[in-house]
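For reference, the structure is listed below as structure tokens.
The values are calculated or read from the model by the stated rules, or taken from the named source; none is laboratory data. As the structure is a prediction and not an experimental result, all values here were calculated from the model. Don't worry about glycine lacking a Cβ; one is built from the backbone with ideal geometry, like all the others, and counts go over all protein chains shown.
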Amino acid sequence: MPRSSHILTSVYDVPLADRQTKPIAELMTIASQAAAPREDTTSGPSEGEGRNGRYRIWDLHTSLHCSIIGTCLTQGELRRLLRRLKVEGADTTGDHDLHMLGVLLASRPKGGAKLLQKMLDHRHRLAINRFAKAGDEAEVAALWDAAMKGGDIPGAYWALLTHPLSSNQLTRRVFGDVHKLSHLVGATNRADIRQLRQLQEQNAKLTEQLDAMQRRLRDDVCERDHTIQRLNELIAQKTAEEKRLTARANDAGNFLDVIGELERRLDEEIARRQSAEASLNLVSAAYEDAVSSCRQAEAERDALRSENASIETQLDSVLQPTDEQSFDSLDLLGTTVLYVGGRRKQVRQLRALIERIGGHFLHHDGGMEDNTALLPGLLSRADVVAFPVDCVSHNAVAMVKRLCDQAAKRYLPLRTSSLSSLLAALSTLGQLPLAGQMLQ
């Protein structure tokens, strides 16, 4: 957006010629012929006009360009800019012609003004950032006054002219301050100006020398890196070649080493095979023993099954006798049997079994629910005591054995709590010794 409707972005109607071939003399002719006086030569933004971003240099009226180029840039910086634009004669032209060409470029965005804007923004970045914090025109004016007192004119001048809050009135005031300051400086400090100019020229030359040295240094570093890379590649190739030659030279010795290694491995494999055969023989013998033991266990299992079937048959005959059956072969003849432990649901069957074969039955659960203090009284009434080792407490077994030893009575350890185990044990009752004799 231009600063006002009558401030044009393109002041010169003649376009900038090819900057690679057009000499400065012709460019200056174009500038002098095309420049025409404009009304309101210090116009800023129109009253009430709003803007979100900063103004560019080609948005400003051309009457401001002269003061911007003369105040905000040094001759050395302007000369470097023209070199970058490849303007012929930029190194030899005088300061006045150089200044006029900078003013000409300021209004041409496509002829160098964008590069000029970038250079000014970079040079005065601190002042631009300081002015950007201003919230209204009064704060912008206050920042300018402070810059005038501190002597920081170039950066503040550029920051104020491009600030979106700067009005026409403030722009004219600031332009007048800079104009008066230029006259004052020219009248009182001519020697300082000459010295400043000399220092600026020296600074420009030193800057150019520094840029040239940096370019040469960068080129030297690139060349050095390229040379190092090339040498590393040669070293890698040489190393690989030496490894191949060394491998070929050691082929004969390596072949003998390989043969010796293979013979050593063969001997190890033979020893390992012999050890494996011996282990196999041992395992085979153990397997034969295990098979023999298994067969023996199966034979014993079959014998126990046959015995169990016989006992179960006898048990059935005892529990369900016919009138013709007699129990002379298994008769307890009034013997009182105390059964300690077992399962409570079997007590009724156990009682029926004992009473069918002529005995009397007493029971104690081994201390699960019955008090163990009852055992001595029950054992004193019994002739023999039986207890299943798989369903009785250790404390009850220990008490039974101790009491039977004291009373010289028999006890029958049963293999299981089944009826068949009790019946098998009672069938040998006449062959059992007394408790005292068993302990001996």
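For the reader, a short list of remarks on this structure follows.
- Each residue in region 395-433 was checked for being assigned to a helix (DSSP H, G or I) and not charged (D, E, K, R), and 22 of them qualify.
- Each residue in region 345-356 was checked for being surrounded by fewer than 19 Cβ atoms within 10 Å (Cβ to Cβ) and either touching a Pro at 6+ places or on another chain (Cβ under 8 Å) or farther than 18 Å from Val400 by Cβ (or both), and 8 pass.
- Contact map, region 142-163: first residue assigned by TED's automatic domain parsing to the domain that holds Arg123 and touching a residue at least 24 places away in the same chain (Cβ under 8 Å), second residue assigned to a loop (DSSP other than H, G, I, E, B) and of a type in the set (D, E, K, R), Cβ cut-off under 6 Å, separation 6 or more or different chains; pairs are Thr162/Arg54.
- Of the residues Leu126, Leu81, Leu165, the single one that is assigned to a helix (DSSP H, G or I), modelled with pLDDT of 90 or more and under 54 Å from the mean Cα position of the chain (by Cα) is Leu126.
- Some residue of region 245-264 being among the polar types (S, T, N, Q), at pLDDT below 90 and outside any helix (DSSP H, G or I): yes
- In region 371-394, the residues that are assigned to a helix (DSSP H, G or I) and touching a Ser or Thr at 6+ places or on another chain (Cβ under 7 Å): Arg381
- Of Ala407, Ala373, all but one fail to be loosely packed, with under 13 Cβ neighbours inside 10 Å and either under 60 Å from the mean Cα position of the chain (by Cα) or among the small types (Gly, Ala, Ser) (or both); the exception is Ala373.
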